[in-house]
1. Considering only the range 215-271, state which residues are in contact with an Asp or Glu (Cβ under 7 Å, 6 or more places away or on another chain) and at pLDDT below 75.
2. Tally the residues that are part of a helix (DSSP H, G or I), open to solvent by less than 10 Å² (accessible area, probe 1.4 Å) and either away from the ligand (no atom under 14 Å from the Cβ) or within 29 Å of Arg396 (Cα to Cα) (or both), restricting the search to the range 255-274.
3. Determine which member of the set Ser334, Ser342, Ser351 is modelled with pLDDT of 95 or more, over 14 Å from Leu170 (Cα atoms) and of a type in the set (Ser, Thr, Tyr).
4. Run down Phe417, Phe400 and say which single residue is buried (at least 18 other Cβ atoms within 10 Å of the Cβ), at pLDDT 90 or above and not in a strand (DSSP E or B).
5. In the range 331-355, which residues are open to solvent by less than 20 Å² (accessible area, probe 1.4 Å) and under 19 Å from Phe400 (Cα atoms)?
6. Which of the residues spanning the range 281-330 are within 16 Å of the ligand (Cβ to nearest atom), among the small types (Gly, Ala, Ser) and open to solvent by less than 70 Å² (accessible area, probe 1.4 Å)?
7. Output the qualifying pairs, or none if there are none: Cβ atoms under 8 angstrom, residues six or more apart or on different chains, first residue in the range 257-276 and over 12 Å from Val314 (Cα atoms), second residue surrounded by fewer than 16 Cβ atoms within 10 Å (Cβ to Cβ) and of a type in the set (D, E, K, R).
8. Does at least one position in the range 174-193 carry a residue that is small (Gly, Ala, Ser) and at pLDDT below 55?
Amino acid sequence: MTRDIREGTAKLGDLRFRILDTAGLETTAEPNSILSRTAGLTAAVFQKCHTVLFLVDARAGMQPLDADVGKWLRRYAKSLHTVLVLNKAEGIHSDPSGKLLAVMGEAHSLGFGEPVAVSAETGEGMTDLFDCLQRLLGKAEIHVTDQEAELQFQDADSESSVMDSMTIPLQLAIAGRPNVGKSTLLNALLREERVLTGPEPGLTRDAVRVGFDYKGKQVYLVDTAGWMQRSKVEGLVALGAMHARRNLMRAHIVALVLDAEEISKAKSSMRHSEAALARWVTQEGRGLVVVVNKMDLLSGKDSAAVREQVIRAVSEEIQKILPQVDGVPLVFVSALKGRGRSAIMNRVFESYEKWCTRLPTAQLNRWLAKVMSRRPSGVERGHGARIRYITQVKARPPTFVVFVTGSGRIDESELRFIASSLKEDFNLSGIPLRVLQRSSEDVR
Ligand code: GDP
């Protein structure tokens, strides 16, 4: 119902852009028809814009008016990028009823591509929105000079503004509580490698990042607490990453550092904040590598037994916290002694490659036919629904859609079976993976 058009600077991760609220689209007394007066105002706003976020309500499900707005956008926002955003979708990837995922399928039928599920209230899904906008905004992103003082749009029309996400090199965040050894680890990693500084290829021109070249592959480090500025004078200082979720959005892979000595003394191997971070990383579809540091401190006469105990405790705890991921990579290192560097980087790249996997539809469907025939008896067959085919709709993280026909939906246990079989047969365990279903009913 907002009449005034509000405008402000938006921050999402490290993206900065102008955001304009529209006048809102009111309807006339006639059912589902958009009132021309407010539509005119909104169309005028579009003249200034590059991208439209088309918001629909996940809790209410698709309404006839959503389809009207879709049609209207196709007509009046033709030259803009439209991103379909499914709001109020908190808990979508852990919702046992699958209702929200079903709405996601319906939303897809609006014809604006894969919807981005978010919760404006809890902040869930903002990472997906970030990924999407990062690609779309490209050169249209605002150039922030002095603490947001001067805002100016960079010229949006030189070259293509849509970037292939595959051109963005691996972004790695090193996260953990203070004193677990993040800076020591970072220094150990950087000491051995050719350090890359300067504007990162393909991203905001003025963003200077630190990165390195590992066996010919580029890695950029996500600055989770402003250590880069400080590092000039005092070496790389600790990242207070627990408070830096927003910056973590940029990360593709998060290395969560734990302290082995503390684990050997504590009852549980992960503190609440560490478990919360691990869950958040997975929920946001990022890869997680757990690094247990300070293994050198587990010495003394029972050191072998203590090491065993630490290794077992961390593996069990991670499995308990993230049962759906299966096999989160764990590395046991000593940053101080420089031990375990390549183990970390190998796990990081393995996860990153899995995370970027794309499987061709034909191959997937040959696989599906085989896998469904070996479905165990405990897996429920759908209620009036039958699987027609499967396709991978996106990578980073791999996201699959199972198309079903019939009046119902396939059972959650069947979707879980498909997800675990995908992991097993295509070597995709240890990273978050999404399997959604879409019914022919959604595309009426
Ligand atoms: P941060 O706050 O997580 O960045 O932690 P720091 O890297 O500043 O390390 C905290 C303390 O732990 C420092 O005194 C380090 O020397 C020490 N430390 C870091 N890594 C190791 C390790 O692998 N073994 C041992 N024994 N000490 C470590």
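The values are calculated or read from the model by the stated rules, or taken from the named source; none is laboratory data. It should be emphasised that the depicted structure is a prediction, and the values quoted were computed from it without experimental measurement. We place every Cβ from the backbone using ideal geometry, glycine too, and count neighbours over all the protein chains shown. In case anyone asks, the SASA skips ligands and DNA or RNA and just uses the protein heavy atoms, side chains included. Shrake-Rupley method; radii C 1.70, N 1.55, O 1.52, S 1.80 Å.
1. Scanning the range 215-271 gives a single hit, Asn247.
2. Within the range 255-274, residues that are part of a helix (DSSP H, G or I), open to solvent by less than 10 Å² (accessible area, probe 1.4 Å) and either away from the ligand (no atom under 14 Å from the Cβ) or within 29 Å of Arg396 (Cα to Cα) (or both) number 1.
3. Just a single option satisfies the conditions, and that option is Ser334.
4. Unique residue meeting the criteria: Phe417.
5. Ser351, Trp355
6. Hits for the range 281-330 are Gly300, Ser303.
7. If the second residue must be surrounded by fewer than 16 Cβ atoms within 10 Å (Cβ to Cβ) and of a type in the set (D, E, K, R), no pairs are left.
8. Among the residues of the range 174-193, not one is small (Gly, Ala, Ser) and at pLDDT below 55, which makes the answer no.
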